[in-house]
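Asker: Okay, handing you the structure first.
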Amino acid sequence: MRPIDQVRALLKDLIGGPDTPFLARRKQAEEFAAAFVKPTGIVIEAGRLDGIAVEWIVPDGAHATRTFFHLHGGGYVLGTPAASRALTCALALRARCRVVSVDYRLAPEHPFPAAVEDAVRAYRALLAQGHEAGDLAIGGESAGGGLAVATLVEARAQNLPMPSSLIAISPWSDMQCEAGSFAIKADVDPMLTRRSLKEMADAYLSGADPLDIRASPALADLSGLPSMLIHAGSDEVLLDDAIALIDAASAARVEAKLVIFAGMIHVWHMFHAMLPEANEAIDALCAFVTDRWDESEVSRTSIVKQKRSSDGTS
Amino acid sequence: MGRLENKIALVTGGGSGIGRGCAIALAVEGARIIVGDVDVKGAAETCDAIIANGGEARPRLLDVSSETYWRSFAEFVEHEFGALHILVNNAGICISRPLLEMSFEAWRRQMGINLDGVFLGTKAMLPLMVKSGGGSVINISSVAGIKGIPGMSGYCASKGGVRLFTKAVALECARAKNNVRVNSIHPGAIETPIWLKLGNDGEMPSLDAGRNSDAMEEVRHAGARATPLGHSGMPADIAAGIVYLASDDARFVTGTELIIDGGVMAG
């Protein structure tokens, strides 16, 4: 049995079918989180950013200031920072950075735009603590991937500085749920269907316009956003959402890269303990984020030097 | 009325240990405090303690080894406080390791925080201090900045650098008649988190480690054995010296090295 087939078998046990209602999935997400064993060399602690609950993941020997701002997945209706620890801990350990994962409010109790508001508020608070924007990166999986883009679209509208990079893993970026991949990939996606996503979209929007760019950031003008790396599996119904996002990025002349992993499913990264392709993907994300941080540091240093010489004080 | 009313003070590494004790002591004397630390949470806890006692304090992330962070920090202080009178360059780490086992990377990291950090901080904040009518820069060196200690070549080098950097800048400021005094303080064995990880990887321990009573007890014994007065010191012992150097009581004191070590350097 190939590792990806083992993951598929595990998923079947875990969530039943792809049409399982989301409220039933909340409990599964909790169980999934409870089963997670924290790796050694990492400290996880609860915190707050301007009142928004967050989880800090700090590996030993973390870079002093580089911080990855994480938004978890779960269709805006489920998921928690704890449920994404398999991913966030791996990112923290391999990129040697702090990860701050936002426990944004969920629908249907707190519909759109609660999630975006919470994420922007936490991002603003992180900057207010003194973080250089260039030392920050943002990203998330599934709804968290879309939310990461929406957060920056809104942050840009509020004139907040941009982080040095964005990563989106199997992003859900369009609440209309009408892309072709919903039909084409229906037979191979073990986790999601158009029906289950539509149910979550309805709960999240609660009557709001699905064309609102903060809900469907693939429809936004992405000008001014940082360079982004998008990962998608070939075997997921959200494949076209990733493609829509890279189209929007290209249209806005944002440096962006989409990598489609053959035979992989929705957010396969989460299963890196058993899946070589997940390790490969996480390493690629960490290398991308770290390279952007390095570039940002070099450019900031040279800006300091340029300013100095133009002041005549160098 | 406190000795530091209407003064504004910046303490680096104020999220724990001597920096925290110092920030609190300066606040007790009436100074408004800015706490800079890579540990924002620790910095916020220090500020909470000050505010709970009726003082004024603001935490902000600061990587003292980064010129970029110092530039934004200087802008922040000028924008939010408009002046600066007291700069305590306290942030430091201790990587204890025999020379042949010390990696260049570890050496550079320690130098980056302990020595570059003092250079960058003094350089970044001095213009605002001069603009504010003068003030006091207090650099935290160590007895290890005066005498050698086996297994601590990097720490000694960094702290020795701080000692002489202090004297040179003190003379520069005196010559410039800018009313800024610059002094160093040399703590001996003080019970702070920095000492708890000696012999481990040399990384800064977490605040929780500072509350580990067994480890603390061991440090207390080791410190006591090495100290003529028979016990190790507390952050408050250093803070008292910092308050003195920060206040006008020390108006004739610049370029000096204030040793607070329970007698270690006397023998």
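Asker: Return a yes/no flag: does the stretch B:16-25 have any residue that is buried (at least 24 other Cβ atoms within 10 Å of the Cβ), assigned to a strand (DSSP E or B) and touching a strand residue (DSSP E or B) at 6+ places or on another chain (Cβ under 7 Å).
Answerer: Within the stretch B:16-25, none of the residues are buried (at least 24 other Cβ atoms within 10 Å of the Cβ), assigned to a strand (DSSP E or B) and touching a strand residue (DSSP E or B) at 6+ places or on another chain (Cβ under 7 Å).
Asker: Here's another thing I want to ask about it. May I ask you to verify whether residue A:217 is under 20 Å from residue A:106 (Cβ atoms), touching an Asp or Glu at 6+ places or on another chain (Cβ under 9 Å) and crowded, with 22+ Cβ neighbours inside 10 Å? It would help to see each step written out before you state the result.
Answerer: On the way: under 20 Å from residue A:106 (Cβ atoms): yes; touching an Asp or Glu at 6+ places or on another chain (Cβ under 9 Å): yes; crowded, with 22+ Cβ neighbours inside 10 Å: yes.
Answer is yes for this residue.
Asker: So, in the stretch A:123-138, exactly how many residues are of a type in the set (Gly, Ala, Ser), within 11 Å of chain B (Cβ to nearest Cβ) and either closer than 17 Å to residue A:224 by Cβ or part of a loop (DSSP other than H, G, I, E, B) (or both)?
Answerer: Qualifying residue count, the stretch A:123-138: 3.
Asker: Which one of these is at pLDDT 95 or above, within 18 Å of the chain's Cα centre (by Cα) and more than 14 Å from chain B (Cβ to nearest Cβ): A:165, A:181, A:206?
Answerer: Unique residue meeting the criteria: A:165.
Asker: Part of a strand (DSSP E or B), small (Gly, Ala, Ser) and away from chain B (no Cβ under 14 Å), is that true of residue A:83? Step through it out loud before you land on a result.
Answerer: Working: part of a strand (DSSP E or B): no; small (Gly, Ala, Ser): yes; away from chain B (no Cβ under 14 Å): yes.
So residue A:83 does not fit the description; no.
Asker: Take the stretch B:26-42 and flag every residue that is in a helix (DSSP H, G or I) and touching a helix residue (DSSP H, G or I) at 6+ places or on another chain (Cβ under 9 Å).
Answerer: First, pick out the residues of the stretch B:26-42 that are in a helix (DSSP H, G or I): B:26-28, B:40-42.
B:26, B:27, B:28, B:41, B:42, listed by residue number.
Asker: Still on this structure, please answer the following. Condition first: under 20 Å from the mean Cα position of the chain (by Cα), in a helix (DSSP H, G or I) and within 14 Å of chain A (Cβ to nearest Cβ). Can you find one or more residues in the stretch B:80-98 that meet it?
Answerer: no
Asker: Next up: Can you find even one residue in the stretch A:139-147 that is within 14 Å of chain B (Cβ to nearest Cβ), closer than 19 Å to residue A:230 by Cβ, touching a residue at least 60 places away in the same chain (Cβ under 8 Å) and not basic (Lys, Arg)?
Answerer: No: zero hits.
Asker: A follow-up question, please. Every residue in the stretch A:1-55 that is of a type in the set (Lys, Arg) and under 21 Å from residue A:72 (Cβ atoms), please.
Answerer: A:25, A:26, A:27, A:38, A:48
Asker: Additional query: Considering only the stretch A:148-168, state which residues are among the hydrophobic types (A, V, I, L, M, F, W, C) and in contact (Cβ under 8 Å) with a residue 60 or more places away in the chain. Working first, answer last.
Answerer: Just the residues of the stretch A:148-168 that are among the hydrophobic types (A, V, I, L, M, F, W, C), to begin with: A:148-150, A:152-153, A:155, A:157, A:160, A:162, A:166-168.
Scanning the stretch A:148-168 gives A:148, A:149, A:150, A:152, A:153, A:162, A:166, A:167, A:168.
Asker: Any residue in the stretch A:34-54 that is within 12 Å of chain B (Cβ to nearest Cβ) sitting within a Cβ distance under 6 Å of a residue that is among the charged types (D, E, K, R) and in a loop (DSSP other than H, G, I, E, B)? List the pairs, counting only those 6 or more apart or interchain.
Answerer: The qualifying pairs are A:41/A:60.
Asker: Pairs please, first residue from the stretch B:54-76 and facing chain A (nearest Cβ under 7 Å), second anywhere and of a type in the set (Phe, Trp, Tyr) and not in a strand (DSSP E or B), Cβ atoms under 6 Å, 6+ apart in sequence or on different chains.
Answerer: Pairs that qualify, where the first residue is facing chain A (nearest Cβ under 7 Å) and the partner is of a type in the set (Phe, Trp, Tyr) and not in a strand (DSSP E or B), are B:62/B:69; B:62/B:73; B:63/B:69.
Asker: Can you report the number of residues in the stretch A:186-217 which are in a helix (DSSP H, G or I) and not small (Gly, Ala, Ser)?
Answerer: Qualifying residue count, the stretch A:186-217: 10.
Asker: Looking at (1) surrounded by 17 or more Cβ atoms within 10 Å (Cβ to Cβ); (2) at pLDDT below 95, can you tell me which one residue A:240 breaks?
Answerer: Condition not satisfied by residue A:240: (2).
Asker: Working carefully through the options B:15, B:21, find the one that is among the small types (Gly, Ala, Ser), touching a helix residue (DSSP H, G or I) at 6+ places or on another chain (Cβ under 9 Å) and within 14 Å of chain A (Cβ to nearest Cβ). Before you say what the answer is, go through the steps one by one.
Answerer: Details: B:21 fails: within 14 Å of chain A (Cβ to nearest Cβ).
Result: B:15 is the single residue among B:15, B:21 that is among the small types (Gly, Ala, Ser), touching a helix residue (DSSP H, G or I) at 6+ places or on another chain (Cβ under 9 Å) and within 14 Å of chain A (Cβ to nearest Cβ).
Asker: Check off (1) within 14 Å of chain B (Cβ to nearest Cβ); (2) over 24 Å from residue A:110 (Cα atoms); (3) surrounded by 20 or more Cβ atoms within 10 Å (Cβ to Cβ) for residue A:60 and give me the number that stays unchecked.
Answerer: Answer for residue A:60: the failing condition is (3).
The values are calculated or read from the model by the stated rules, or taken from the named source; none is laboratory data. Keep in mind that this is a model prediction, so the values were computed, not measured. As a convention, Cβ positions derive from the backbone with ideal geometry for all residues, glycine included, and neighbour counts pool all protein chains shown.
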